[in-house]
Amino acid sequence: MSIKQSIAGTTQLLGVIGDPVKHSCSPVMHNAAIAQLGLDYVYLPLPVKAIDLQTALAGFAAIDLVGFNITIPHKTAVMPLLYEISPTAKKVGAVNTVWRTETGWSGTNTDVTGFIAPLKAMSRDWSNVNPVVIGNGGAARAVIVGLAELGCPEIHVVGRNYQKLAQFYQSWQNIPEISSILKIHYLDNLNILIPAADLLINTTPVGMSPNVDNSPVDAIAMKKLKPDAIAYDLIYNPSPTKFLQLAKDNGAVSIDGLEMLVMQGAAALEIWLQQPVPVEVMRQTLREAIYS
Ligand code: NAP
């Protein structure tokens, strides 16, 4: 989808900072929505090295940038530079969306909104749902905050590195609503956890393009998944991943990572523009950018 957008002296600035940002799909998605709304904004890729982060934020304030997304490696490093951080972003320990206020930069984490959006659309009673999360990296943190927000009674997280798992567990100890329901397990125990899982989530990059033949759960283990379970892969390319294909072959409902990407973007754009945004335009634009 290509919608004409013009830039003038009045155009207001939005963007995404990271290192690198060349690969980011956010500019195409946000600019399509802005053009559809007919607004005088533009969303730019803004490459910023870690060492330049503080200088970049001062520069953004100086040029009146309205707001920006944050990608790797700045999502946590930016936090001490912000005036205000939402409770959600504090829990995740990462900020992906920043906007300018009269007092300074405010930040939140819309990955949580993005992650839970396709689950909320299913209208299930999440207080009966047993989720198993594979991986304990950055994205898993947003997933855990989202699952707790949905009301899941326990959250099982599976990781491959004892030391990182222990640190991960420790990092939630000041958040009682999560530490009280979080159970961590070594990867070897995944086979035992799968038969009891109602929601199996891959937050690892295993199976991401170009390694499309890989899956964090093999065909034999996937056969133990309940036929009415939900399989959710945060990966959006390919779609479906091998993980999702195996789960679908077993009867599971599958969710890929595209909707999370769209809905985290829509939530950010709504914050900056203070109005509803054309989610379907964002979804279609991303589909075209990623899959064609
Ligand atoms: P990350 O911080 O590097 O975490 C990756 C996690 O996966 C770590 O726990 C890592 O374990 C584990 N892992 C990596 N390779 C593994 C393997 N071969 N077997 C078992 N575990 C493995 O990365 P992230 O930022 O969380 O991103 C993870 C995935 O989510 C990526 O594919 C990313 O594209 C996707 N994602 C999607 C969205 C979306 O909007 N759809 C948003 C964010 C992320 P170690 O720590 O031991 O290495």
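The values are calculated or read from the model by the stated rules, or taken from the named source; none is laboratory data. All of these numbers come straight from a predicted model, not from anything done at the bench. We place every Cβ from the backbone using ideal geometry, glycine too, and count neighbours over all the protein chains shown. Remember, those area values only see protein heavy atoms, side chains included, never the ligands or the DNA or RNA. Shrake-Rupley method; radii C 1.70, N 1.55, O 1.52, S 1.80 Å.
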Return the residue satisfying two criteria in turn: it lies in region 158-173 and is in contact with a Gly (Cβ under 8 Å, 6 or more places away or on another chain) and free of Cβ contacts under 8 Å to residues at least 40 places away in the same chain, and of such residues it is nearest to the ligand (Cβ to nearest atom). Gly159
What are the pairs with Cβ atoms under 7 angstrom where one residue, in region 217-237, is over 27 Å from Ala117 (Cα atoms) and the other, located anywhere, is within 15 Å of the ligand (Cβ to nearest atom) and among the polar types (S, T, N, Q)? Sequence gap at least six, or different chains. Ala221/Asn191
Being more than 22 Å from Ser24 (Cβ to Cβ) and within 14 Å of the ligand (Cβ to nearest atom) narrows it down to one of Asn136, Asn96, Asn128, so name that one. Asn136
Picked from region 255-292 (must be among the hydroxyl-bearing types (Ser, Thr, Tyr) and open to solvent by 40 Å² or more (accessible area, probe 1.4 Å)), the residue nearest to the chain's Cα centre (by Cα) is Tyr291
Tell me yes or no: at least one residue of region 48-56 is more than 27 Å from Ile85 (Cα to Cα) and part of a helix (DSSP H, G or I). no
Are any of the residues in region 202-216 surrounded by 20 or more Cβ atoms within 10 Å (Cβ to Cβ), without any contact (Cβ under 8 Å) to a residue 60 or more places away in the chain, farther than 20 Å from Leu261 by Cβ and touching an Asp or Glu at 6+ places or on another chain (Cβ under 6 Å)? no
Having 1 or more residues that are within 12 Å of the ligand (Cβ to nearest atom) is the bar; report the helices (runs of 4 or more DSSP H) wholly within region 191-292 that clear it. 242-249, 258-273, 279-291
Restricting attention to region 119-138, which residues are open to solvent by 20 Å² or more (accessible area, probe 1.4 Å) and closer than 25 Å to Asp228 by Cβ? Lys120, Ala121, Met122, Ser123, Arg124, Asp125, Ser127, Asn128, Asn130
Looking at Lys75, Lys22, Lys90, which is the one that is under 29 Å from Leu199 (Cβ atoms), assigned by TED's automatic domain parsing to the domain that holds Ala266 and open to solvent by 60 Å² or more (accessible area, probe 1.4 Å)? Lys90
What is the residue count in region 35-48 for residues that are open to solvent by less than 30 Å² (accessible area, probe 1.4 Å) and more than 21 Å from the chain's Cα centre (by Cα)? 2
For region 55-72, check the following and say yes or no: at least one residue is under 28 Å from Asn174 (Cα atoms), under 21 Å from the mean Cα position of the chain (by Cα) and open to solvent by 50 Å² or more (accessible area, probe 1.4 Å). yes
Count of region 97-123 residues which are closer than 16 Å to Ala139 by Cα and in contact with a Ser or Thr (Cβ under 6 Å, 6 or more places away or on another chain): 5
Just name the residue that is nearest to Leu269 (Cα to Cα) out of those in region 2-57 that are in contact (Cβ under 8 Å) with a residue 60 or more places away in the chain and of a type in the set (Gly, Ala, Ser). Ala33
